[in-house]
Amino acid sequence: MIKKLAKIKYLPNNFQIIEKGDYVKCAVSGKNIDLENLNYWNVELQEAYFSPIEVNVRYKDLKK
């Protein structure tokens with residue numbers, strides 16, 4: 001099965017699929033995140049994160 005990158009619009013409590021796919025990329029680590037496992041994102045930056053670790057890294061980068 002070939003997996004396809006999805007295009008997503010991140011909303012405050014949900015996300016909207018703009019273009020169908022199976023996964024998105026973590027903005028910090030570049031890891032693939034299956035849509036069923038997508039739990040962390042930033043609405044303002046419109047980017048997804050693999051785990052709370054990457055969320056923390058991005059938060060610290062933005063505070064610099």
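The values are calculated or read from the model by the stated rules, or taken from the named source; none is laboratory data. The model shown is predicted, which means the values in this text are computed figures rather than measured ones. Here Cβ is always computed from backbone atoms with ideal geometry, including for glycine, and neighbour counts include all displayed protein chains. These area figures cover heavy atoms from the full protein model, side chains too; ligands, DNA and RNA do not enter into them. Shrake-Rupley method; radii C 1.70, N 1.55, O 1.52, S 1.80 Å.
Restricting region 24-60 to residues that are of a type in the set (A, V, I, L, M, F, W, C) and in contact with a Cys (Cβ under 7 Å, 6 or more places away or on another chain), the residue that is farthest from L5 (Cα to Cα) is F50.
Being in contact (Cβ under 8 Å) with a residue 12 or more places away in the chain and assigned to a loop (DSSP other than H, G, I, E, B) is the filter; apply it to region 1-18 and report the residue that is least open to solvent (accessible area, probe 1.4 Å). The qualifying residue least open to solvent (accessible area, probe 1.4 Å) is A6. Look at (1) free of Cβ contacts under 8 Å to residues at least 12 places away in the same chain; (2) of a type outside the set (V, I, T); (3) in a loop (DSSP other than H, G, I, E, B) and you find that G21 fails only one, number (1).
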